[in-house]
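Here is the structure we will look at, set down as structure tokens.
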Amino acid sequence: MARGTGKVEIIGANRTGQEHGLNDFVYDVTTAKSPLYNVGDRVLLPNGKVFYHSYSGGMCYTGRGNVFYNTISSSADGIDYSVLAEAAAAGDRSVLMTNQGTAAITLDQFRNGQIVLKPTESTTDAELMFRGVVGNTADASTGHDGTVRIYLDAKLTVAMLATNYAFVMPSPYTDIRYESTSGKKSFAGPAAAYVSAAGRYFWTQTWGMCWIAPQTDGPGTVAYNRSVYWRHDGTVDCYSCDSGTFGTSEVTDQRAGFIMDNNADDNGATLICLQVNI
């Protein structure tokens, strides 16, 4: 399958290919955008590991989970719930929206993101349209009036009036960073290679075998607790170690995966099967 299309791509189909570095690109960290991949594109390796192309908003760790940092609050990263700038007909593959925030929207900022369109106000959630975003204009280039044309991955099935509402967000992978959170951000997964600063293109692992820093008295030492959950600091812990209530010891209810190795000797978790995003 073609690279840079947002489609699944399987890399390194045989041992010989892997020995010759076919998968090395997953461990690259660059300041320049890849000519082959867009942020939010996904690759699948033969060993079952899944990675998403990402952009850093700060440093990112390899042995701990990094968080999704984008927010739609005050249209900081997306365009919050607002009326369209013009009507759109059924069959159209783009809509026009007005930038509600103070920051300029750049070319293709929303690529691999999602738009939610609401063609009627009479029924709250019955007739929504969800579309992927394949690109967008910059707000300075579309009539120089602060409007942004959003290009969709499929046609509209219902016409939209200029009085109808929509909201749009970029790919969640456009701002990944390590942070000890307050419990109101979700984890994306560990970085394939250490990212030292903001403004870097890299790969986030979301599925498959990996190592994530475990709490010493939890994962692999408590009988019948094999699932692990993200803690506020990107490490993992088991549910029982939180006194049966998520959040009490800063253990979130977001599942990171499960322990893969034998812990009969109470040796603690060594291998984690990451299960964040397939």
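Just so you know, all these numbers are worked out from the coordinates, no wet-lab data involved. Since the model is a prediction, treat every value here as computed from it, not as a measurement. Cβ sites come from the backbone with ideal geometry, for glycine too, and all protein chains shown count toward neighbours.
Once the Cα gyration tensor of the chain is found, what semi-axes does its equivalent ellipsoid get, as square roots of 5 times the eigenvalues, in whole Å, sorted largest first?
Details: eigenvalues 277, 105, 57 Å².
Those come to 37, 23, 17 Å.
Choose one of Pro35, Gly135, Cys60: the residue whose Cα lies farthest towards the positive end of the charge dipole of the chain (beta-carbon charges +1 Lys, Arg; -1 Asp, Glu; about the Cα centre). Sorting the options by dipole projection puts first Pro35. Which links in Lys49/Lys118; Lys49/Lys185; Lys33/Lys185 stretch past 28 Å when you go from one Cα to the other? Pairs exceeding the cut-off: Lys49/Lys118. Evaluated at q = 0.15, 0.16, 0.19, 0.25 Å⁻¹, a Debye calculation over the C-alpha positions of the range 73-169 (equal weights, vacuum) places log10 I(q)/I(0) at -0.51, -0.58, -0.83, -1.44. Spread over its residues, the convex hull of the C-alpha atoms of the range 174-278 is 102 Å³ per residue.
Taking 8 Å as the Cα distance limit and 6 or more residues as the minimum spacing, I'd like the relative contact order of the chain as a percentage. Rounded, it is 22 percent for the chain.
Taking other C-beta atoms within 10 angstrom as a stand-in for reagent exposure, Glu127, Glu121, Glu250 fall in the order Glu121, Glu127, Glu250, fewest first. Cα centroid separation, the range 214-278 to the range 34-64: 23 Å. Its Cα centre serving as origin, the range 73-169 has a Cβ charge dipole (Lys and Arg +1, Asp and Glu -1) of approximately 220 debye. Roughly how far apart, in whole Å, are the Cα centres of the range 188-212 and the range 106-168? If you average the Cα positions of each part, the centres end up 30 Å apart.
Under the convention that each Lys and Arg Cβ holds +1 and each Asp and Glu Cβ holds -1, the size of the dipole of the range 227-275 around its Cα centre is about 160 debye.
Dipole of the chain, Cα-centred, from +1 at each Lys and Arg C-beta and -1 at each Asp and Glu C-beta, to the nearest 20 debye? Walk me through the intermediate numbers first.
Working: 20 positive and 27 negative charges, 118 e Å.
That gives a dipole near 560 debye.
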